[in-house]
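Encoded as structure tokens, the structure appears first; notes follow it.
The values are calculated or read from the model by the stated rules, or taken from the named source; none is laboratory data. Just so it is clear, the structure is predicted and the values come from calculations on it, not from any experiment. Counting neighbours? That spans all protein chains shown, and the Cβs are built from the backbone with ideal geometry, glycine included. All accessible areas refer to the heavy atoms of the entire protein, side chains included, with ligands and DNA or RNA removed. Shrake-Rupley method; radii C 1.70, N 1.55, O 1.52, S 1.80 Å.
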Amino acid sequence: MTDTTVSEPGHRLKPLTPAMLRQLSVRSNLRGAAQSLGHYGAIVLMGTLIWMTVSRHGVLWALPLMAVQGYFVAFLFMAVHETAHKTAFESRGLNLTVGYLSAFIIGLPYEYYCLFHWDHHRYTQDPDKDPELIVGVKPTSDTQLAIAYSGLLQVAGRLRLMLGHAVSGKVVVPWIPESRRAIIVAEARAYVALYALLLALSLWLSSALLLWVWIVPLAIGQFFLRPYLYAEHTGCDRTRSAFQNTRTTYTGAIVKWFAWNMPYHVEHHAYPSIPFHALPKLNELVDGEIVHRGRGYIRTTRETWAWFRRQQQGG
């Protein structure tokens, strides 16, 4: 892996033919339903096991199950991401339904994320315009770096932003246009109200169900999600070419499945209209053009961590 460099876009893939692009861009309600139901089914199954274990043996015995549940729940971010592109399903209504539900579960307002992510694609790796770089943690010590890789700061930051939108009624971040700010405020207030309602119901019923099957796993899951997200662009070049500014990480089938094939991230950035289920086929067509290639997430996390440390040492 190379350090980030600022260069002119010179590495360009010969475009797919229109026929190939049309074929790969076909969206499928069936494929989207299978992926969504499988992902949510795993969450429901693991949540049931957690609650049975907590009820019979106590919380400590359920902690390993909560770690697995954390992975499942945190990676609902991928459902939010795919539905933000409206490529998870052919049906716009199904995209919105799964998108809103998944976003609520992970505490990331859906309409806000869609606009945030739109600018990320427009300005990938531009330090002045890419929202991921603007709000990204910039660690100045190994301790701060470790905290950043936990993902907890990022979650706290987006929850604080959501509360700020809900309470103040103001949106000032540059990636939200003036015409959409009222929607973002209304969305934030709806999320806060629903979270408050769930808290009130849990207290009224004296139930810790949501705490053990949702909240705690979601926090644990950030330890898996954040290193994965850092692998997407960290250390890649600052160019306009998706084949230089993004990394594809080659990993196992289970990881690819729960990540909705987003380890094929170069492919996604190069052709964002192509749905998740067609990315393996796209990879076969463009694999030779990919510059930054991760070999598993453990090795790639070591590389991104080393890149951050070099930035610290470089001032």
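At a glance:
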quantity	calculated
Residue match in the stretch 217-227 (condition: farther than 25 Å from Ala33 by Cβ and either among the hydroxyl-bearing types (Ser, Thr, Tyr) or in a loop (DSSP other than H, G, I, E, B) (or both))	no
The stretch 80-138, residues that are open to solvent by 40 Å² or more (accessible area, probe 1.4 Å), in a helix (DSSP H, G or I) and among the hydrophobic types (A, V, I, L, M, F, W, C)	Leu94, Leu96, Leu101, Trp118, Leu133, Ile134
Residue among Gln154, Gln144 that is at pLDDT below 95, assigned to a helix (DSSP H, G or I), within 14 Å of the chain's Cα centre (by Cα) and not hydrophobic (A, V, I, L, M, F, W, C)	Gln154
Evaluation of Asn261 against (1) open to solvent by 40 Å² or more (accessible area, probe 1.4 Å); (2) polar (S, T, N, Q); (3) closer than 23 Å to Val73 by Cα (one fails), failing number	(1)
Checking Pro275 against (1) exposed (fewer than 14 other Cβ atoms within 10 Å of the Cβ); (2) within 14 Å of Leu21 (Cα to Cα); (3) not aliphatic (A, V, I, L, M), the condition it does not meet	(1)
Residue count for the stretch 158-184, restricted to those that are in a loop (DSSP other than H, G, I, E, B) and surrounded by fewer than 18 Cβ atoms within 10 Å (Cβ to Cβ)	6
Residue within the stretch 239-251 that is within 12 Å of the chain's Cα centre (by Cα) and within 27 Å of Ala33 (Cβ to Cβ) present	no
Among (1) within 22 Å of the chain's Cα centre (by Cα); (2) outside any helix (DSSP H, G or I); (3) surrounded by 15 or more Cβ atoms within 10 Å (Cβ to Cβ), the one test that Leu16 misses	(1)
Test result for Ser91, of a type in the set (S, T, N, Q) and under 15 Å from the mean Cα position of the chain (by Cα)	no
